Amino acid sequence: MQHLLLIKDDQEQRLIALTAETSSIGRDASNSIVLHSQEVSRQHAILLRVTRPGEQTFLFRIIDGNLQGKPSTNGLYVNGRRCSSHDLRSGDTITFGAHVCARYYTVEDGADLDKLFSSSKEESDDLMETLIVPPAVTELELEKLHDAALVRLASFPELFSHPIIELSLSGELTYLNPAAVSQFPEIQQQKLQHPLLEGVIDIVKQEKKSYVQREVSVYNRIFEQSLNYIPQSDLIRSYLVEITERKQAEAALRENERRFRAIFNQTFQVSGLLNPQGYVLEMNQTALEFAGLQRADALGLQLWQTPAWQASAAAQAQLKDAIAAAAEGKFVRYETDVLDRDGQLTTLDFSLKPTLDEAEQVVLLLFEGRDISDYKRAEADLKALHDKLENQVKTRTIQFIEVTERLKQEENALLASYATNRALLNAIPDPMFRISQEGIFVNFKKPKQYSLPFDPEQCLHRHLADVLPQSAAAELQTCIDQALATGETQLLEFQLSVNQYEARVATSAEAEVMVIVRDITERKRSEAEIRRALERERELNEMKTRFVSMTSHEFRTPLTTILSSAELIEHYSGPEEKEKQLKYLRKIQTATQHMTELLNDVLLINQAEAGKTEFNPQSLELTQFCQEIVEELQVTTQMHDLQLRSQLPAQPLLCDRKLMRHILTNLLANAINYSPSGGDIQITLLQTADTIELKVQDSGIGIPPETQATLFDSFVRGSNVGTISGTGLGLAIVKKSVELHQGSISCDSTVGVGTTFTVRFPAQQMLAAQPSALPR
């Protein structure tokens with residue numbers, strides 16, 4: 001006899017042969033028979049094989065719920081009637097949910113069974129009707145099987161992995177399954193004093209229910225305890241399921257929600273949550289204050305219905321289109337004008353970001369808005385200044401070209417002067433010697449003035465090694481041999497005493513050469529100076545090129561702002577437009593101030609290069625000073641968290657306040673500017689045996705290795721800065737300021753990871769300050 005279950009759920013229709021003694025049925029993948037539908041409980045039913053006493057045949061009984069006594073959510077229906085258990089007969093229809101059902105069959109012929117599994121759905125339905133075997137068990141026999149089935153069901157706790165405990169109302173332990181014995185070996189000694197059994201009898205009696213559920217903690221583990229009271233035998237059966245991880249997860253979820261709400265409400269940007277139809281689900285405190293709303297008034301409104309979006313119908317229409325696009329999974333960002341709580345127009349950088357569920361469907365829209373009104377006004381001011389500064393840049397460019405031309409002329413003159421000097425030197429009479437192939441002085445010509453450390457007359461008939469140092473004598477002998485062998489003039493430079501000389505060796509007779517010795521000490525000094533001048537000229541040309549590139553780029557934007565503002569001021573020329581004129585004049589002032597700061601940086605680095613920067617050390621409490629700078633720069637950014645950590649003792653240090661401000665503000669400004677994604681910026685102060693160290697660490701874009709070698713040169717910037725503005729002067733100013741403190745600066749950076757600048761000052765010099773010298 002074969003037992004079959006034909007199942008139809010959301011996934012498919014399939015035929016299952018029943019062979020196991022027990023089977024669990026439900027939605028969870030751990031079940032023996034998995035039903036694919038959300039209507040079905042995780043553990044919906046138990047299918048129990050019941051053996052007839054004294055016989056080899058058996059039947060199947062289906063029981064609603066799981067072994068813990070917890071019934072299914074949607075119930076169990078057999079042939080249209082709800083039941084808690086039922087002995088299945090061939091042809092019975094079982095319903096687990098509105099769209100999930102199964103049909104139970106018994107068949108005998110094995111060949112027909114193979115045909116059934118290999119046939120199509122229509123063929124299997126027709127064949128199934130012909131294979132149904134009438135039930136071989138009468139109603140009376142089924143009743144007799146109940147006791148055997150109950151005995152069979154009682155064996156389940158032995159196989160169950162969760163602890164099961166039985167006790168009587170008198171407090172006697174009547175049963176512990178193996179899981180309970182292994183996990184709680186002390187329960188048999190402690191009995192009702194054990195946390196799992198403490199108060200159980202009182203709870204059952206007070207509740208007066210057959211089923212009670214509670215949570216209990218045992219040795220830092222949390223269990224969900226189900227208590228089933230069986231009145232027929234006055235027994236209490238306790239089923240335990242450990243939920244420690246679930247409780248920890250719930251606590252973590254609550255903590256995460258609390259943190260999210262704290263961050264959500266503390267951010268300075270307008271933000272909130274919408275459903276895909278644009279209805280407000282949540283607004284942070286900044287958004288509520290901006291719009292002048294209470295949270296209860298905002299929830300349930302469509303975003304364009306809130307007061308902030310009543311500025312114009314066009315703004316509302318644009319927002320509706322943006323929400324529709326975001327609801328399709330697109331990220332939307334644009335600038336728009338809205339009304340603040342005072343009814344004033346404010347420009348927002350507004351964005352909508354969709355949030356997807358596991359099925360890749362949009363379930364939430366996160367909106368954010370950043371007030372960029374000041375930025376837009378500054379942009380207009382810079383644009384108004386553009387034309388004026390553009391003309392200035394053109395004038396400066398012409399001046400630079402003229403300077404370059406003059407430098408080229410001076411370079412040519414310098415080279416001509418060098419050639420002239422060489423010619424003059426060749427024309428000056430020098431000591432001359434005739435020397436034989438063997439290195440013996442044969443004759444000489446002595447000028448009136450010479451710088452040789454010996455008298456030429458004393459060389460006559462003497463060997464080179466007797467007159468010159470050993471190395472010079474050997475080199476001169478080699479030149480003599482080469483001149484006699486090749487017939488070409490040989491040149492040799494050597495040093496005698498503190499002067500340098502050039503020996504020009506030429507064949508003058510057979511086996512004899514003429515050697516002209518010239519003092520080239522001054523010429524060598526001149527050549528060295530020329531090389532240094534040429535190197536300096538090359539550096540100046542490179543600096544000029546970088547300066548022209550920087551000024552052309554950095555001045556273009558403020559010049560554009562100045563130009564546009566000037567045009568707008570001309571447009572609003574009437575007396576009634578006074579306020580608008582003042583607005584654009586302020587933009588011009590802001591742009592001009594920005595350009596002035598750029599020029600101040602150029603002047604500052606120029607003073608440092610010329611060695612004219614003043615160094616005025618004074619007593620300064622460095623930790624407090626750094627904290628003030630950190631607080632000043634923190635207000636300029638919302639995306640970064642500036643954290644100061646100091647291990648310095650509370651004592652004054654001797655340093656220049658102005659230069660120290662240059663150092664710290666430039667390093668922190670760079671850390672902020674080149675960390676566009678935000679994050680933590682660490683400022684660390686510590687003291688070692690020999691140094692006072694200042695470290696600034698960020699997690700920004702990093703500095704490419706090829707740029708790090710020239711990082712502290714003027715007008716040098718990394719190749720990966722993109723559109724981030726800058727002049728390339730900040731680190732040059734920092735380095736000059738550090739060197740005036742007799743300190744050093746180093747950089748450790750990885751592209752895409754971050755950068756750490758370390759400044760080291762000599763501790764002995766900085767600790768010279770006395771507490772009485774602190775500024776008050």
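Size descriptors for the stretch 230-362: radius of gyration and Dmax over Cα atoms are 21.8, 79 Å. For the pairs Lys383/Lys580; Lys208/Lys247; Lys658/Lys736; Lys388/Lys578; Lys658/Lys735; Lys191/Lys247, note any where the Cα-Cα span goes beyond 20 Å. Beyond 20 Å between Cα atoms: Lys208/Lys247; Lys388/Lys578; Lys191/Lys247.
Quotient of the Cα radius of gyration of the stretch 612-749 and 2.2 N^0.38 Å, N being its number of residues: 1.04. On the principal axes of its alpha carbon atoms, the stretch 6-50 extends 29, 20, 14 Å, with the longest extent given first.
Taking only the alpha carbons of the stretch 281-434, we obtain Rg and Dmax values of 33.9, 113 Å in that order. When +1 charges are put on Lys and Arg Cβ atoms and -1 charges on Asp and Glu Cβ atoms, the dipole computed for the stretch 374-504 relative to its Cα centre reaches about 420 debye.
Let a ≥ b ≥ c be the square roots of the eigenvalues of the Cα gyration tensor of the stretch 349-449; is it rounded (a/c under 1.5), or, if not, prolate (a/b larger than b/c) or oblate? Cα axes put the stretch 349-449 in the oblate bin.
The modelled label-to-label distance between Lys408 and Glu215, using points 7 Å beyond Cα along the C-beta direction, is 8.5 nm.
Net length available on complete extension from Gln316 to Glu360 is 13.0 nm, with 0.36 nm assigned per residue and the Cα-Cα distance removed.
Is the stretch 185-250 best put as rounded, prolate or oblate by its Cα gyration tensor, with a ≥ b ≥ c the root eigenvalues, rounded for a/c under 1.5, and otherwise prolate when a/b is larger than b/c, oblate when not? It is oblate, given that a/c is not under 1.5 and a/b is not larger than b/c.
Label positions at Gln294 and Ser32, each projected 7 Å from the Cα along the C-beta direction, are separated by 6.1 nm.
Note on Val721: accessible area is roughly 20 Å² with a 1.4 Å probe, heavy atoms of protein only. Listed by chain and number, the lysines placed with their C-alpha closer than 21 angstrom to that of Lys353 are Lys320, Lys330; residues fewer than eight positions away on the same chain are left out.
For the stretch 343-501, the relative contact order comes to 10 percent (Cα pairs under 8 Å, sequence separation of at least 6). Label sites at Glu108 and Ser233, each approximated as a point 7 angstrom past Cα along Cα to Cβ, lie 3.9 nm apart. Computed from the Cβ-Cβ distance with R0 of 60 Å, the FRET efficiency linking Gln277 to Gln651 stands at 0.40.
Taking the Cβ-Cβ separation of Asp202 and Tyr175 as r and a Förster radius of 22 Å, what is the calculated FRET efficiency to the nearest 0.05?
The pair Asp202/Tyr175 has a calculated efficiency of 0.60.
Quick one: with all protein chains in place, what share of the accessible area of the stretch 725-767 is carbon or sulfur, to the nearest percent (1.4 Å probe)? The computed percentage sits at 47. Of all DSSP beta bridges confined to the stretch 625-748, the antiparallel ones make up roughly 45%.
In nm, what is the difference between 0.36 nm times the number of residues separating Glu250 and Thr710 and their Cα-Cα distance?
Going from the current span to full extension adds 160.2 nm.
By the Kirkwood approach, averaging reciprocal distances over each pair of separate Cα atoms, the stretch 430-507 gets a hydrodynamic radius of 12.8 Å. Taking all protein chains together and rolling a 1.4 Å probe, Lys445 ends up with roughly 120 Å² accessible.
The values are calculated or read from the model by the stated rules, or taken from the named source; none is laboratory data. Note that this is a predicted model, so its numbers are computed, not measured. All Cβ positions, even for glycine, are placed from backbone atoms using ideal geometry, and neighbour counts span all protein chains on display. What goes into the accessible areas is simple: the full protein's heavy atoms, side chains included, and nothing from ligands, DNA or RNA. Shrake-Rupley method; radii C 1.70, N 1.55, O 1.52, S 1.80 Å.
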